[in-house]
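See structure below.
The values are calculated or read from the model by the stated rules, or taken from the named source; none is laboratory data. Here the structure is a predicted model, which is why all the values come from computation and not from measurement. All Cβ positions, glycine included, derive from the backbone under ideal geometry; neighbour counts span all protein chains shown. Quick note on the areas: whole protein, heavy atoms, side chains included, nothing else; ligands and nucleic acids left out. Shrake-Rupley method; radii C 1.70, N 1.55, O 1.52, S 1.80 Å.
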Amino acid sequence: MHPILVHFGSFTLYTYGFFLAMGFLAAVWFSKRNARFYDLKPDDISDLFFVILISGIVGARLLYVIINFDDFRASPLDIFKLWNGGLVFFGGFMGAVAASIVTIRIKNLPFFKTADTIAPGVALGHGIGRLGCFFAGCCYGRQCDLPIAVQFSHPDSLAPLHVPLHPTQIYMVAANLILFLILIFLQRRKRFHGMIFLSYIILYSVFRFIIEFFRGDFRGDFYFEFLSVSQGIGILAIVIAVAAMVKLALSSRGDR
């Protein structure tokens, strides 16, 4: 693969950063269009995504550093080298949700209605961003002998070289794009505000839980080296989201 997209003189454009930026722009673009479906102001969504960008990157990097802390002991400054990959989605998600709650309250926006608005766009942007992981070689899979196995050969790749691996990055791209389509389908059939956002959490967590078993990079141990930290967080997220969905569904029936 090609970790570096463009190198000209002292200027270097990393493929990981490029697709991360493209994913963010796609998420903003779709969410602003989607705001009209929910009678929200597109500018409010743009402001919210700026908060999501900063808090999401900080949270995603922080959780990655915590999980892989030993790798940064000798070179602490490597923590800031985001172009080399190393973001954990659930860390970014938790950071973005926390910051978004504050922003939504300041702007006096309806929380679940706003969350429903941006959920499909986040799935779309995440799918595009995962292409950056593929080119950088991070988030790589276990060794396998399947016809779809991929081999990394670039010396700057973060994946083991010349070894057939599960293309877990592509699994995540496909999972997020499928999730995007599912959310768009559900959006026209939603019964209460919060249904799309909570469906996103549940379905993403399920997809991520399954794909984690095919990952080959160190994921952090959550349960006797069987479940990763992301899987543990995913289980907790599913439980909370299901409970919230049941509560909202019952409340919506009571309001009729």
Region 184-214, residues that are over 16 Å from L248 (Cβ atoms) and hydrophobic (A, V, I, L, M, F, W, C)
I184, F185, L203, V206, F207, F209, I210, I211, F213, F214
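Yes/no per residue for (1) open to solvent by 50 Å² or more (accessible area, probe 1.4 Å); (2) aliphatic (A, V, I, L, M); (3) over 24 Å from F19 (Cα atoms):
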| site | (1), (2), (3) |
| --- | --- |
| C144 | no, no, yes |
| I148 | yes, yes, no |
| F152 | no, no, no |
| A175 | no, yes, no |
| I201 | no, yes, no |
| F209 | yes, no, no |
| R215 | no, no, no |
| Q231 | no, no, yes |
| K247 | yes, no, yes |
Test S252 against the stated conditions and say whether it is closer than 18 Å to A115 by Cβ, modelled with pLDDT under 95, out of contact with any strand residue (DSSP E or B) (no Cβ under 6 Å at 6 or more places or on another chain) and of a type in the set (S, T, N, Q).
yes
Taking region 184-199 as the region of interest, how many residues are at pLDDT 95 or above and surrounded by fewer than 17 Cβ atoms within 10 Å (Cβ to Cβ)?
2
Specify which of the listed residues (I45, I67, I54) is in contact with a helix residue (DSSP H, G or I) (Cβ under 8 Å, 6 or more places away or on another chain), of a type in the set (V, I, T) and surrounded by fewer than 18 Cβ atoms within 10 Å (Cβ to Cβ).
I54
With respect to F8, is the statement that it is over 22 Å from the mean Cα position of the chain (by Cα) and of a type outside the set (A, V, I, L, M) true?
yes
For region 101-116, indicate whether the set of residues that are touching an Asp or Glu at 6+ places or on another chain (Cβ under 9 Å), over 23 Å from F185 (Cα atoms) and among the basic types (K, R) is non-empty.
yes
Taking region 78-100 and the residues there that are modelled with pLDDT of 75 or more and more than 18 Å from the chain's Cα centre (by Cα), the one that is most open to solvent (accessible area, probe 1.4 Å) would be F80
Region 31-42 - residue that is surrounded by fewer than 20 Cβ atoms within 10 Å (Cβ to Cβ) and not hydroxyl-bearing (S, T, Y) and, of those, nearest to the chain's Cα centre (by Cα):
R33
Among the numbered criteria (1) open to solvent by less than 30 Å² (accessible area, probe 1.4 Å); (2) touching a helix residue (DSSP H, G or I) at 6+ places or on another chain (Cβ under 6 Å), which one does G137 miss?
(2)
